[in-house]
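> One structure coming up, written as structure tokens, with questions to follow.
The values are calculated or read from the model by the stated rules, or taken from the named source; none is laboratory data. Treat the numbers as computed from the prediction; the structure is a model and nothing was measured. We place every Cβ from the backbone using ideal geometry, glycine too, and count neighbours over all the protein chains shown. These area figures cover heavy atoms from the full protein model, side chains too; ligands, DNA and RNA do not enter into them. Shrake-Rupley method; radii C 1.70, N 1.55, O 1.52, S 1.80 Å.
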Amino acid sequence: MLFRSLASLPAGWMDDLLTLDYAKSPGVTLTAIDLDPETLREAEENYQRRRPPVEAVFERRDAWHLDSVERWDLLTSNGLNIYVADDDRCTDFYRSVAQALKPGGIFVCSFITPPVQWRPRSAADLEDQRFLFKEVVPVKWSCFREEGKTREQLGAAGFEVVSVTYDSQRMFPAVVAKKTRQG
């Protein structure tokens, strides 16, 4: 499958797509999707700084209401689901993505595993992370999910999980899923 239309949701600075090499990929269009106008402005500034040889559009949209049908070949989403405590709502997000992807489209996402599954390099690292996330940068995410639950949700939304790749500390696995049907 040739990937001509790629999207990042939530966009952040869109580094997930802007750091790729498009030198041999003419005709690619990137879409930054975010609900926050400031984030979209930052993504556009990052695009202007990097000057990749592709077009980009910046769209303010709600992830649960993308209002797009079979628009993108590939969509990335790293981080949104870790803020969604309700499993059904998370599955609804995945359904929205499935609807927006073309048949056979690829969804790249991640999830955060429960702390009992983490394998920090050392106990001190784990304590440092806990301190950092609680005291220094109080994070608002705490929606941990097991791999099995993530697979179940993606399946219910119309995806087949192609791969799950764990980082060295088993904290934030990356998932590649293929759209098989509308969820």
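> At 7 Å along the Cα-to-beta-carbon direction for both residue 119 and residue 59, put a label point, then send me their distance in nm to one decimal.
4.0 nm
> Using a 1.4 Å probe over the heavy atoms of the protein chains, calculate the carbon and sulfur portion of the accessible area of the chain as a whole percent.
Here it works out to 52 percent.
> Now, a different point. Suppose R0 equals 45 Å; then what is the FRET efficiency for residue 163 and residue 38 from their Cβ-Cβ distance, rounded to the nearest 0.05?
After rounding, the FRET efficiency stands at 0.85.
> Please count, across the chain, the pairs of lysine residues with Cα atoms under 25 Å apart that sit 8 or more places apart or on different chains.
Lysine pairs satisfying the spacing and distance rule in the chain number 8.
> Can you give me the distance in nm between label points at residue 16 and residue 83, each placed 7 Å from the Cα along the Cα-to-Cβ direction?
Going from the residue 16 label point to the residue 83 one covers 1.3 nm.
> Let me know the Kirkwood hydrodynamic radius for the chain, please, with Cα pairs as the basis and the value in Å to one decimal.
After inverting the pairwise mean of 1/r, the radius is 17.2 Å.
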